[in-house]
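Visitor: Before anything else, here's the structure in question.
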2 protein chains.
Amino acid sequence: MNTNRQWLLANRPHGLVGDDNFEYIETNIPEPADGEVLVRNLYLSFDPTQRGWMEDRESYLPPVAIGEAMRAGSIGQVVESRHAGFATGDLVQTTGGWQDFVIVAPDQALMGLNKIPAGVPPEMMLSVLGVTGLTAYWGLLDLGQPKAGETVLVSGAAGATGSIAGQIAKIKGCRVVGIAGGPEKCAWLKNEAGFDDVIDYKNEQVDARIGETCPNKVDVFFDNVGGNILEAALNHINMHARVVLCGGISGYNATDPIPGPANLMNLVIMRARMEGFIVIDYMDRAALAVQELVGWIEGGELKYQVDLQTGFENIPSTLTRLFTGQNIGKQLLKIADPA
Amino acid sequence: MNTNRQWLLANRPHGLVGDDNFEYIETNIPEPADGEVLVRNLYLSFDPTQRGWMEDRESYLPPVAIGEAMRAGSIGQVVESRHAGFATGDLVQTTGGWQDFVIVAPDQALMGLNKIPAGVPPEMMLSVLGVTGLTAYWGLLDLGQPKAGETVLVSGAAGATGSIAGQIAKIKGCRVVGIAGGPEKCAWLKNEAGFDDVIDYKNEQVDARIGETCPNKVDVFFDNVGGNILEAALNHINMHARVVLCGGISGYNATDPIPGPANLMNLVIMRARMEGFIVIDYMDRAALAVQELVGWIEGGELKYQVDLQTGFENIPSTLTRLFTGQNIGKQLLKIADPA
C-alpha cells in the first residue's frame, strides 16, 4: 500500500450527519520526524461525541477543522518509529482519525499513544476497556455513587456506554432498568446483560413504564439521551437522586435547539443533583479501572457487544448508524488486520 | 377581638395567583387542648414557594387543602399556653397561616414553634434570619461552595434570598453579579448590597450582559428564577461550575409547562453540577447559621430589605406582589403589634 486513504471533514453537518459531510481523498503516506511514530490504523471507534466535534463551537476539544481527517479513536500498529518508547509492530491505541496512516507524537498526542497489553483483543480494547467502558465506569461510580438496593435507570442502555454502566450497577447490587430502542436490544439487555427490566422507547410509553419498572423510584439516572427521556426520568427521581449527564444523543443531530426538561424543579423538590463529566479528566486513573473491568469480564459478570463493520468506504455511513439506532453495543469498523 | 379572621384557599390557581383564589371568613377563636398553644399572628411571611403549596401535587410538603387557611410562615404571640415550654406573651415563630389565631402543637408543628430571641425585630427574624436568609446561607455555602476569587451570579438578586446569597458570596471574597428587574432594584444591589455588577433583565440582554459582567465566567450560579435566565447563565458557566437550584419563580404561575434550558449539555462540556435543595433539611443546624448571619449584620457586611405591607384584607394581593416583581427584599405583612 503506497497511498494514505483519508475521509476529510468537508463541511459541517446541518441535521443528521451523513456521507456528504465528508470527502474521500488519497495522499502520500506521511513520514515521521524525530520523536514521532507512523501508525497504520486497523480499527476505528465510533462514538456519539464525534458529532459534537464536527460543530464549529467551543467544547471540551477543539472542533475538527474543515479539510482535516475526521477525528476518531483507533487501534493501530506501529509501522515506523522514531520514538524510543515504540517499536515497529507495536499494537497501539490512539486518536488516529479516518485514515490509513497517522503520524503521532506520543508525548503530545490527544489522549496519548498507548501500547495495548498482550492478548487483549482490539474489540475489547476499543469498547469495554476503551473510552466508552471507562465513561460508564467513572460516570456511574464517581458521579452516580450507586448503593446496594438502590434503583439505577440507564438510557441508551444497549449502547457501548449504557450497557456497561447498567451491568456495573448490577455488580454493585442495584436494581437496574434500561431504556433502549426495539425488541432486539431490549432482549439482549434482559437476557444477556442481566438488566432487571427494560423499556422499549420505540414501542412503550417511557414515563409510565419508568413508574412501573421502578416502584421505589430512581436513585441514579445514567443518561445518554437527554430530551424527552430525561424529562420522563426526572418525573420519577427519588430523594437525593443523582442524574449523571453522560450524553444527549437525542439532540446531537437536531437542526434547532431541543428544549430541556420542563420539570427541573423536581431536582429542588427531591434535593437531587444533575452533573456532567468528561472521561478525559479521569484518564490518569485508567489502569485501576481497566483492572477492575477485566476482573468482571473474566468473572462472567460483565458482557459487551461489538457491532463490527468493515470497509474503508463505509466509514462515514458507519458513523450515521449511531444516530439511527442501528448499532447494538460498541460501533467499530475494521480497516485491516495487523501485519 | 372575638373572631378569627381567615383567608382560606378557595380553589387552585390556574396562572397568576390572585384574590379570587381565596375566601375570607370569620370564625370563632379556637381553644388549645393539653399540649397546645394558642398563638395570635402578628407578621406573615410571603414566599414564592407558597405558590407551589397551592398546587394539587406531591412536593416537599403536602398541598394546602381547599377550604384550609392558606399556609404561611409567621411571627406571633402566645395568647394561651397549655404547653410547659411556652407562656402567654412569648413571641414565637411558626407556620401560622393566613389567620388571626392559630393552634399549634409545638411538638408536632410543621417547622416547629420557636421563641424569638429577645431584642430581635420581627422583620429581621422573618427575613435574613428566617427561611429566606437560611436558604441563601446553605444554598450558597453548602451547594455553591464559593471560593475567594470565583465569580458568583445570582438571579432574583433583589429578592429576600438572592440578596443575602449575593452578599454572603461577597463576604467570601467572590466577584458577585446580580440579575434583577428594574433600575430601582439594581441600584440597591450595587449601592447598598455591594454587588460588583448588576443586570437589569427588564431592560438589558441578559445573555450578553452575563458575558460582559462575568469575564472569567460563572463559577456559581444561584438561581431563583429558572427558564430563560437559567438557560442564559448556562451559556457562561465555568469548568466545574455549581448551579444551585433554589427556585424557579419564572414558572410558578405558568399555565403550561415551561421548557427547560436547551443547553444542558454545557453541564457535560464544563463538568458542571446542578443541584436542588430544600432549607427544611438544614433546620437542625439553624442556630449556627443564625449566629454567623447576626455577626455579619452587626459588622455591617450584610444588608437586608423588608417590604412591609399592612392590613388583613391585603393578604392575598400581597402574595401576588412576589410574582409581579413589586417587592424589593423580603415581603412581609403586619397584622398587629404585640400586646
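Visitor: Which residue out of A:Ala165, A:Ala180, A:Ala169, A:Ala187 is closer than 30 Å to A:Lys115 by Cβ and in the same structural domain as A:Ile258 (by TED's automatic domain parsing)?
Guide: On inspection, the qualifying residue turns out to be A:Ala165.
Visitor: Check B:Val198 against each of (1) surrounded by 21 or more Cβ atoms within 10 Å (Cβ to Cβ); (2) within 12 Å of another protein chain (Cβ to nearest Cβ) and name the one condition it does not meet.
Guide: Every listed condition holds for B:Val198 apart from (2).
Visitor: Suppose we filter region A:325-337 for residues that are of a type in the set (A, V, I, L, M, F, W, C) and part of a loop (DSSP other than H, G, I, E, B); how many remain?
Guide: 3
Visitor: Here is a follow-up. When you check B:Gly139 against the structure, is it of a type outside the set (A, V, I, L, M), within 17 Å of B:Ile278 (Cα to Cα) and buried (at least 20 other Cβ atoms within 10 Å of the Cβ), yes or no?
Guide: It is true that B:Gly139 is of a type outside the set (A, V, I, L, M), within 17 Å of B:Ile278 (Cα to Cα) and buried (at least 20 other Cβ atoms within 10 Å of the Cβ).
Visitor: Let me ask something else about it. May I ask you to say which residue of A:Ile258, A:Ile249, A:Ile229 is touching a strand residue (DSSP E or B) at 6+ places or on another chain (Cβ under 7 Å) and either within 25 Å of B:His240 (Cβ to Cβ) or of a type outside the set (Lys, Arg) (or both)?
Guide: Result: A:Ile229 is the single residue among A:Ile258, A:Ile249, A:Ile229 that is touching a strand residue (DSSP E or B) at 6+ places or on another chain (Cβ under 7 Å) and either within 25 Å of B:His240 (Cβ to Cβ) or of a type outside the set (Lys, Arg) (or both).
Visitor: Given the condition at the interface with chain B (Cβ under 10 Å from one of its Cβ atoms), surrounded by 18 or more Cβ atoms within 10 Å (Cβ to Cβ), in contact with a Cys (Cβ under 9 Å, 6 or more places away or on another chain) and of a type in the set (Phe, Trp, Tyr), answer yes or no: does some residue in region A:247-270 qualify?
Guide: No, that holds for no residue.
Visitor: Return yes when A:Ile280 is within 17 Å of the chain's Cα centre (by Cα), β-branched (Val, Ile, Thr) and within 14 Å of chain B (Cβ to nearest Cβ) and no when it is not.
Guide: Judged against the criteria, A:Ile280 is a match.
Visitor: Checking the condition more than 20 Å from the chain's Cα centre (by Cα), modelled with pLDDT of 95 or more, among the β-branched types (Val, Ile, Thr) and more than 24 Å from B:Arg271 (Cβ to Cβ), which residue from B:Ile168, B:Ile199, B:Ile210, B:Ile164 passes?
Guide: Matching residue, one of B:Ile168, B:Ile199, B:Ile210, B:Ile164: B:Ile199.
Visitor: Is it true that some residue in region B:314-324 is in the same structural domain as B:Tyr24 (by TED's automatic domain parsing) and in a loop (DSSP other than H, G, I, E, B)?
Guide: Scanning region B:314-324, I find at least one residue that is in the same structural domain as B:Tyr24 (by TED's automatic domain parsing) and in a loop (DSSP other than H, G, I, E, B), so the answer is yes.
Visitor: Exactly one condition in (1) within 14 Å of chain A (Cβ to nearest Cβ); (2) in contact with a strand residue (DSSP E or B) (Cβ under 8 Å, 6 or more places away or on another chain); (3) among the acidic types (Asp, Glu); (4) free of Cβ contacts under 8 Å to residues at least 60 places away in the same chain is not met by B:Asp307; state its number.
Guide: (1)
Visitor: Just one of B:Val225, B:Val243 is assigned to a strand (DSSP E or B) and either more than 7 Å from chain A (Cβ to nearest Cβ) or surrounded by fewer than 19 Cβ atoms within 10 Å (Cβ to Cβ) (or both); which is it?
Guide: From the options B:Val225, B:Val243, the qualifying one is B:Val243.
Visitor: What is the one condition in (1) under 25 Å from B:Leu322 (Cα atoms); (2) at pLDDT below 95 that B:Asp107 does not satisfy?
Guide: The failed condition is (1).
Okay, residues lined up against (1) within 17 Å of B:Ala339 (Cβ to Cβ); (2) crowded, with 22+ Cβ neighbours inside 10 Å; (3) in the same structural domain as B:Asn327 (by TED's automatic domain parsing); (4) of a type in the set (D, E, K, R):
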{"position": "B:Ala33", "(1), (2), (3), (4)": "no, no, yes, no"}
{"position": "B:Asp47", "(1), (2), (3), (4)": "no, yes, yes, yes"}
{"position": "B:Ser74", "(1), (2), (3), (4)": "yes, yes, yes, no"}
{"position": "B:Val79", "(1), (2), (3), (4)": "yes, no, yes, no"}
{"position": "B:Ala87", "(1), (2), (3), (4)": "yes, no, yes, no"}
{"position": "B:Trp98", "(1), (2), (3), (4)": "no, yes, yes, no"}
{"position": "B:Ile116", "(1), (2), (3), (4)": "yes, no, yes, no"}
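Visitor: Take region B:78-106 and flag every residue that is within 24 Å of the chain's Cα centre (by Cα), in a loop (DSSP other than H, G, I, E, B) and polar (S, T, N, Q).
Guide: Within region B:78-106, B:Thr95 is the sole residue that qualifies.
Visitor: Okay, moving on. Checking the condition hydrophobic (A, V, I, L, M, F, W, C), buried (at least 21 other Cβ atoms within 10 Å of the Cβ), more than 11 Å from every other protein chain (Cβ to nearest Cβ) and touching a Pro at 6+ places or on another chain (Cβ under 6 Å), which residue from B:Leu293, B:Leu322, B:Leu302, B:Leu332 passes?
Guide: B:Leu322
Visitor: Can you pull out every residue in region A:10-28 that is surrounded by 14 or more Cβ atoms within 10 Å (Cβ to Cβ) and either part of a loop (DSSP other than H, G, I, E, B) or in the same structural domain as A:Ile249 (by TED's automatic domain parsing) (or both)?
Guide: Once the filter is applied, which keeps residues that are surrounded by 14 or more Cβ atoms within 10 Å (Cβ to Cβ) and either part of a loop (DSSP other than H, G, I, E, B) or in the same structural domain as A:Ile249 (by TED's automatic domain parsing) (or both), region A:10-28 yields A:Ala10, A:Arg12, A:Pro13, A:Leu16, A:Val17, A:Gly18.
Visitor: A further question on this structure: Return the residue satisfying two criteria in turn: it lies in region B:250-294 and is part of a helix (DSSP H, G or I) and among the charged types (D, E, K, R), and of such residues it is nearest to B:Thr49 (Cα to Cα).
Guide: In this case the residue turns out to be B:Asp281.
Visitor: Out of region B:47-77, which residues are more than 14 Å from chain A (Cβ to nearest Cβ), assigned to a loop (DSSP other than H, G, I, E, B) and without any contact (Cβ under 8 Å) to a residue 60 or more places away in the chain?
Guide: B:Met54, B:Asp56, B:Val64, B:Ala65, B:Ile66, B:Gly67, B:Arg71, B:Ala72, B:Gly73 - these are the residues of region B:47-77 that are more than 14 Å from chain A (Cβ to nearest Cβ), assigned to a loop (DSSP other than H, G, I, E, B) and without any contact (Cβ under 8 Å) to a residue 60 or more places away in the chain.
The values are calculated or read from the model by the stated rules, or taken from the named source; none is laboratory data. Here the structure is a predicted model, which is why all the values come from computation and not from measurement. In this analysis, Cβ positions are derived from the backbone assuming ideal geometry, glycine residues included, and neighbour counts consider all displayed protein chains.
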